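Since the structure comes first, as structure tokens, the remarks are kept for the end.
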Number of protein chains: 2
Amino acid sequence: MVSKEHPRYASLALRDKLVSGYDQGIASAHGLIAHGRGEAFDYLLGEQTSENARNAAKVACAHLLTARFPVFSVNGNTATLVPDEIAELQTFIDMPIEINLFHPSRQRMEKIAEHLRAHGVTNVLTGSDFVELPNIASDRAKVDKNGIFKADVVFVPLEDGDRAQVLTTLGKIVLTVDLNPLSRTAVTSTVTIVDEVTRALKNLVSFAKDFESGYHRDELNLLKAAFDNLENLKTSYAIVLERLRSLVR
Amino acid sequence: MVSKEHPRYASLALRDKLVSGYDQGIASAHGLIAHGRGEAFDYLLGEQTSENARNAAKVACAHLLTARFPVFSVNGNTATLVPDEIAELQTFIDMPIEINLFHPSRQRMEKIAEHLRAHGVTNVLTGSDFVELPNIASDRAKVDKNGIFKADVVFVPLEDGDRAQVLTTLGKIVLTVDLNPLSRTAVTSTVTIVDEVTRALKNLVSFAKDFESGYHRDELNLLKAAFDNLENLKTSYAIVLERLRSLVR
């Protein structure tokens with residue numbers, strides 16, 4: 001075990017959590033590599049939530065609260081890292097949780113569903129009744145007829161670029177969490193929270209809690225309208241540049 | 001399988017190779033995550049070898065060729081990704097290959113040794129006769145008495161920062177491959193090749209081949225003396241900054 005005094009304790013603890021998710025058959029080997037990529041970008045962001053990312057989480061929350069039919073798309077890494085936060089978010093926002101895997105197997109799908117339910121997640125969809133989205137080379141093209149397919153707002157943290165693109169082309173509002181502000185997913189989505197997924201989910205839950213104590217629908221619509229994702233990405237990107245400069249000072 | 005037309009085909013093929021190494025019990029789960037971190041930095045470097053990294057590989061080659069007793073330290077990722085290149089390098093430079101793991105097990109050690117030998121690698125040390133280096137918290141402290149311990153030049157691609165530091169403190173010349181020009185390993189080593197490990201190894205082999213056709217020992221010593229690792233790292237780092245800027249143009 002890593003000591004809590006270690007300057008990168010939070011990051012190393014997350015890494016151990018993910019390896020344990022892999023050992024349980026929830027995360028995939030490719031998911032571990034993808035997590036590593038994220039770690040490097042988080043390191044460049046200083047491993048903390050920027051004001052900018054906090055605001056993006058607030059706007060994403062506004063989208064979820066005002067949606068006609070929101071859906072939360074979950075992969076192996078998200079299920080491993082934030083099952084409690086997903087369950088908590090569901091207490092504020094009524095939405096199905098659709099499991100959607102890049103490297104799918106019936107067995108892993110069931111393991112993930114079981115894991116989520118054990119953490120209090122309800123309304124879990126496993127794509128048993130699916131349709132296939134166009135222009136996606138992987139199995140992630142398969143989406144649930146009663147989930148992503150009919151959603152107006154899709155929250156897809158740790159998404160693949162090609163699917164994010166197709167989902168927006170289909171007219172859906174796409175909310176994502178991506179540590180690389182220059183990725184195709186980041187650039188294509190409606191709202192990109194450039195943050196580590198556990199920090200992003202905690203913020204989403206906290207905003208959902210705040211809003212619950214009373215808000216006007218116009219207030220949320222104003223938040224949505226005032227948001228510019230390109231500006232948001234540019235700011236995140238500026239943080240990376242500034243941090244890179246400071247690291248060699 | 002990923003299509004060869006994919007703009008990031010080489011990177012994705014490497015990723016698949018590593019997952020297959022993991023499935024064979026050669027790479028570790030933590031190794032997969034570490035690979036992902038490297039992927040992110042390679043992406044920032046444009047996934048190609050810079051002139052700067054090519055020069056560092058040349059200088060590293062000069063160190064290996066002029067060493068009294070060079071040793072090549074191999075971990076699970078290196079064994080998975082470049083077994084053929086290690087074997088080829090041994091045809092030009094007579095040196096033992098010491099397997100040294102952060103997450104060791106006798107079984108994995110044997111699997112890696114077997115894998116390397118199957119690819120033509122000879123003189124493989126598995127640390128059966130070891131001494132422990134000071135100030136290293138992990139099992140990587142254990143080094144072979146007939147390997148790293150008595151080496152004057154150690155080639156340790158994908159190394160841990162604390163061990164790189166200890167090895168230099170012990171007066172050894174440390175050559176490494178690290179995609180993060182700001183890492184402790186990168187900063188501590190004598191020569192840091194800021195490049196992806198398969199590209200770096202192919203370059204090393206190619207320089208060893210060039211030098212074999214005839215060189216003067218003074219020429220190699222001059223190469224070594226002219227090299228400034230800090231300048232090398234600054235240049236690599238400038239490439240990352242420039243690339244980040246160009247990505248949003």
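The values are calculated or read from the model by the stated rules, or taken from the named source; none is laboratory data. None of the values given here were measured: they were computed from a predicted structure. Note that each Cβ is placed from the backbone with ideal geometry, even for glycine, and that neighbours are counted across all protein chains shown. SASA here: full protein model, heavy atoms, side chains in, ligands and nucleic acids out. Shrake-Rupley method; radii C 1.70, N 1.55, O 1.52, S 1.80 Å.
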Compare B:108, B:217, B:163 in a GNM of chain B, Cα atoms joined below 10 Å, and give the one with the largest fluctuation. B:217
Where A:9, A:215 fall by accessible area, highest first, once all protein chains stay in place (1.4 Å): A:215, A:9
Tell me, what is the percent relative contact order of the range B:74-133, built from C-alpha pairs under 8 Å that lie six or more residues apart? 44 percent
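The range A:52-99: D in µm²/s via Stokes-Einstein (Kirkwood Rh, Cα pairs, 10 °C, 1.306 mPa s)? Could you put the intermediate results ahead of the total?
Details: Rh = 11.5 Å.
Estimated via Stokes-Einstein, D reaches 138 µm²/s.
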Output row for residue B:225: copy-to-copy label distances, label 7 Å along Cα→C-beta, ascending, in nanometres, one decimal, is 7.3
Suppose every Lys and Arg Cβ carries +1 and every Asp and Glu Cβ carries -1, with no other charges. What dipole size does chain B come out with about its Cα centre, to the nearest 20 debye? 300 debye
About its Cα centre, what dipole magnitude does the range B:113-189 give when the only charges are +1 on Lys and Arg Cβ and -1 on Asp and Glu Cβ, stated in debye to the nearest 20? 120 debye
Using helices alone, I'd like the mean residue ellipticity at 222 nm for chain B: each DSSP H run of four-plus residues gives -39500 (n - 2.57), total over residue count, nearest 500. -17000 deg cm²/dmol
Run the numbers on the range B:101-249 and let me know its relative contact order in percent, using alpha-carbon pairs under 8 Å that are six or more apart. 14 percent
Go ahead and set up a Gaussian network model of chain A, Cα springs under 10 Å, then flag whichever of A:45, A:14, A:201 fluctuates most. A:14
Taking Rh as the Kirkwood radius computed over C-alpha pairs, what is the Stokes-Einstein D of the protein assembly as shown at 20 °C in a medium of viscosity 1.002 mPa s, expressed in µm² per second? 89 µm²/s
Alpha-carbon Rg/Rh ratio, for chain B, with Rh computed the Kirkwood way: 0.95
Looking at the protein assembly as shown, what % of its DSSP beta bridges pair antiparallel, to the nearest 5? 20 percent
Taking N as the number of residues in the range B:1-111, what value does Rg over Cα atoms divided by 2.2 N^0.38 Å take? 1.19
Normalised Cα Rg of the range B:27-77, dividing by 2.2 N^0.38 Å with N its residue count, works out at 1.47
Given the C-alpha atoms of the range B:46-139, compute the convex hull and give its volume per residue in Å³. 143 Å³
Please give the solvent-accessible surface of residue B:188 in Å², to the nearest 10, using a probe radius of 1.4 Å with every protein chain present. 30 Å²
Checked against the positive end of the charge dipole of the range B:1-141 (+1 on Cβ of Lys and Arg, -1 on Cβ of Asp and Glu, about the Cα centre), the farthest of B:40, B:107, B:97 is B:40
Using only the Cα atoms of the range B:147-249, what are the Rg and Dmax in Å? 15.1, 51
Cα-centred dipole magnitude for the range B:119-159, charges only on beta-carbon of K, R (+1) and D, E (-1), debye, nearest 20: 40 debye
So how far, in whole Å, is the C-alpha centre of the range A:1-65 from the one of the range A:169-206? 13 Å
Roll a 1.4 Å probe over the protein heavy atoms and report the accessible area of residue B:50 in Å², nearest 10. 20 Å²
Rounded to the nearest 10 Å², the 1.4 Å probe accessible area of residue B:242 is 80 Å²
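Between their Cα atoms, which of B:142/B:172; B:172/B:224; B:4/B:111; A:4/B:145; A:234/B:234 are more than 22 Å away from each other?
Over 22 Å Cα-Cα: B:4/B:111; A:4/B:145; A:234/B:234.
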How large is the direction-averaged shadow of the alpha-carbon convex hull of the range B:1-59, in nm²? 5.2 nm²
For chain A, what is the percent of antiparallel DSSP beta bridges, rounded to the nearest 5? 20 percent
With the 8 Å Cα cutoff and a minimum separation of six or more residues, the range B:68-108 has a relative contact order in percent of 61 percent
GNM flexibility winner over chain A from A:177, A:19, A:194 (Cα, springs under 10 Å): A:19
Using +1 at the C-beta of Lys and Arg and -1 at the C-beta of Asp and Glu, which of B:130, A:26, A:179 has the Cα lying farthest in the positive direction of the dipole of the protein assembly as shown? A:179
If you take the alpha carbon radius of gyration of the range A:97-221 and divide it by 2.2 N^0.38 Å, what ratio comes out, to two decimals? 1.11
Rg and Dmax in Å for the range A:203-249, alpha carbons only: what are they? 16.1, 47
